[in-house]
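First up is the structure itself, then whatever we jot down about it.
Each reported figure results from applying straightforward, stated rules to the coordinates on display, with no laboratory input. Because the structure is predicted, anything quoted here is derived from the model rather than measured. Here the Cβ positions follow ideal geometry from the backbone for every residue, glycine too, while neighbour counts run over all protein chains shown.
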Amino acid sequence: MKKFYVSTAIIYVNALPHVGHAYELIATDTIARYKRMTGYDVFFLTGTDENSLNAERKARSLGLPTQEYVDSMVDTIKETWHKLNISYDEFIRTTEERHKRACQEFFTRAYNKGDVYPGTYEGWYCVSCEAFYRPEELVDECCPVHRKKPEWLTEKNYFFALSRYQDRLLQHIEAHPEFIQPETRRNEVLSFIRSGLQDFSISRSSMRWGIPVPIDPSQVLYVWFDALINYVSGIDWLTAPAKFQRYWPADIHIVGKDITRFHCIYWPAMLMAADLPLPRQVFGHGFVYLKGERMSKSLGTGVDPGAVVDEFGADSLRYYLLREVPFGRDGDFTWEGFVQRHNSDLANDLGNLLNRTVSMVNRYFGGSVPAPDSAEPRPALDAELIAQIEATFATVETSMNSLAFSDALVAIWEFVSRANKYVEESAPWVLAKTDRQRLATALYNLVEALRLIAYAVYPFIPGTAEKMADQLGITLDIGKDWHDTHVWGGYKPGTAVISKPVPLFPKKELTD
Ligand SMILES: [Zn+2]
């Protein structure tokens, strides 16, 4: 079985996750589920970045020990991911022992190579980003992300000799077009490298909360030389070498566009210094804006994903974000658009198709799905339906290979519309009086279409796929015999559907 290792960025613990975070987790979960469904041995890693100044400050402001504070935040974050049906295989916390050991080993390897040296750093520093900014990167003298005034910091610490890796990085990126996606991110990174790489500071003397530098315990490792290493500590680089061998290098790191650069420059250079292979791809996705404004708690425009799920269910949010925002670009979250997608695409198009089909099987065949007429050739109407679902799976495959979730969903919903049209065209209520055999075939075809739709939507809206299967009287075989399960004709005639169909998505009205 081929392996597939996919990761999200690890998130800070000083604030609750917002829809922007949820977006990244949902997208990565969709990739992981699609790969599992199509026969890969998937490892999906997510986690939390806990060794930050922000966490320490927030804990202090609440009068809590830092560890106690981060533990409680991790519980809340995991709860939110659980609500969203995020199927991660491992949750790495940067306060774990295995992570500390991995970071210290990275430092030691780089130090022994002469790639780490002591120096003095000074510059504009945004506490929220935990990053230094060059003066030309500031907007109105403020951090471009947080719009707050940065602090001027000077201190003695350790540097990583990034400049030494400039040529090797350029060569690698030029030789591997798939390494950075989408194309716009790749071009940004290339021009950044060509403008000249500067060594960067990897430790702090001013912080106590963090991972001690092995050769100088008065310092702790700083941000990127800690956080990035989660991608190897999370698959037990030093603690389970066989597991590491199995999954490393990562197939895709999914990250926000604001941190793509660190993943495409710092991280590969660090891996080169540690003599480890590079990830196959870094994908920098765009941001989700709430009516044009970035959704972030610090800007006060956050939408709590947990609250959205309580009201609408996880799949409405998953569907909306994946359908509405082409992955890689920025997009808007609007409540009007969200409710509209919920009602029209989910409740009407998909929900009604299931509901009316199951109802008709009950009405005309006592709830037992009839066998179709096997006479060849098939009527044109049936042949067209079957050809379209085959084409849909092909489009889904192509789209998923380039992480074009939106394109995949458009194709699936075109098929859902086609199936709804099939109901009108075959008119089972007329056939019930005129042609029982044709009625049996038409209803079998609709049930089979729904079975295949359940597989097609599974990676995107897994809870709904399971509910559909339930009402159709089947279970989805995820990860087993993909080539057999997604071809036409898999539904066994004689299977009983649920006697009273349950709406998949109760309709909602926009209230405020
Ligand atoms: Zn900032």
Could you pull out every one of the lysines with an alpha carbon less than 21 Å from that of LYS149, ignoring same-chain neighbours closer than 8 positions?
LYS58, LYS297
Return VAL255, VAL70 ranked ascending by Cβ neighbour count within 10 Å, so the fewest neighbours appear first.
VAL255, VAL70
Take each of the peptides 241-252, 16-27, 276-287, average the number of other beta-carbon atoms within 10 Å over its residues, and list them starting from the highest.
16-27, 276-287, 241-252
Summing +1 per Lys or Arg and -1 per Asp or Glu among the other residues with Cβ less than 13 Å from GLU68's Cβ gives -2
Fewest to most neighbouring Cβ within 10 Å: what's the order for LYS507, LYS100?
LYS507, LYS100
Return the percentage of antiparallel bridges among DSSP beta bridges fully within the range 192-348, rounded to the nearest 5 %.
45
Determine, from the Cβ-Cβ distance of ASP332 and THR495 and an R0 of 45 Å, the FRET efficiency 1/(1 + (r/R0)^6), rounded to the nearest 0.05.
0.55
Could you check the spin-label model distance between ASP89 and SER61? Points 7 Å from the Cα along Cα→Cβ, value in nm.
3.8
Residue-ordered couplings for the range 94-105, obtained by feeding phi - 60° into the Karplus form 6.51 cos²θ - 1.76 cosθ + 1.60 and rounding to whole Hz (Gly and Pro as x), are 6, 8, 6, 4, 4, 6, 4, 4, 5, 5, 5, 5
Three-way shape label, the range 339-485, alpha-carbon gyration tensor, a/c 1.5:
prolate
Using 18 Å as the Cα-Cα cut-off, could you pick out the over-long pairs in LYS3/LYS35; LYS243/LYS480; LYS113/LYS243; LYS433/LYS492; LYS433/LYS500; LYS83/LYS467?
LYS243/LYS480; LYS113/LYS243; LYS433/LYS492; LYS433/LYS500
Each residue of the range 250-259 in turn: what ³J(HN,Hα) in whole Hz from Karplus with 6.51, -1.76, 1.60 and θ = phi - 60°, glycine and Pro shown as x?
4, 7, 8, 9, 8, 9, x, 5, 6, 10
Could you calculate the contour length gain from GLU183 to SER417, that is, 0.36 nm times the residue separation minus the distance between their Cα atoms, to one decimal place in nm?
80.9 nm
For the chain, take the longest principal axis of its alpha carbons; what is the angle in degrees between that and the long axis of helix 19-37, to the nearest 10 within 0 to 90?
60
Cross-link partners of LYS2 among aspartates and glutamates (Cα-Cα below 20 Å; sequence separation of 8 or more within a chain):
ASP29, ASP41, ASP89, GLU90, GLU178, ASP236, ASP251, GLU397, ASP477, ASP481, ASP484
What 222 nm value per residue comes from the helices of the chain, counting each DSSP H run with n ≥ 4 as -39,500 (n - 2.57) and dividing by all residues, nearest 500 deg cm²/dmol?
-14000 deg cm²/dmol
Likely footprinting exposure, LEU439, LEU138, fewest C-beta neighbours within 10 Å first:
LEU138, LEU439
Cross-link partners among aspartates and glutamates for LYS508, C-alpha distance below 16 Å, same-chain residues fewer than 8 apart left out?
ASP310, GLU311, ASP315, GLU336, ASP345, ASP349
Summed side-chain charge close to GLU151 - residues other than GLU151 whose Cβ falls under 14 Å, Lys, Arg +1, Asp, Glu -1
0
Which one of LEU431, ILE386, ILE478 has its Cα pushed farthest toward the positive end of the charge dipole of the range 339-485, where Lys and Arg give +1 and Asp and Glu give -1 at the Cβ?
LEU431
Once the Cα atoms of helix 53-62 and of the chain are each reduced to a long axis, what angle between those two axes, in degrees from 0 to 90 to the nearest 10, is obtained?
80
Helix 462-472 against the longest principal axis of the chain: what's the angle in degrees, Cα atoms only, rounded to the nearest 10?
20
Pairing rule first: another cysteine's C-beta must sit under 4.7 Å. Under that rule, which cysteines of the chain stay single?
CYS103, CYS142, CYS264
If amide hydrogens are placed 1.01 Å from N in the peptide plane, which non-local residues have theirs closer than 5 Å to the one on TYR12?
ASP49
Taking H placed 1.01 Å from N in the peptide plane, check which residues at least 5 places from VAL213 or on another chain put their amide H under 5 Å from its amide H.
GLN219, VAL220, LEU221
Would you mind classifying the range 78-233 by shape? Square roots of the alpha carbon gyration tensor eigenvalues, ordered a ≥ b ≥ c; an a/c under 1.5 is rounded, otherwise it is prolate if a/b is larger than b/c and oblate if not.
rounded
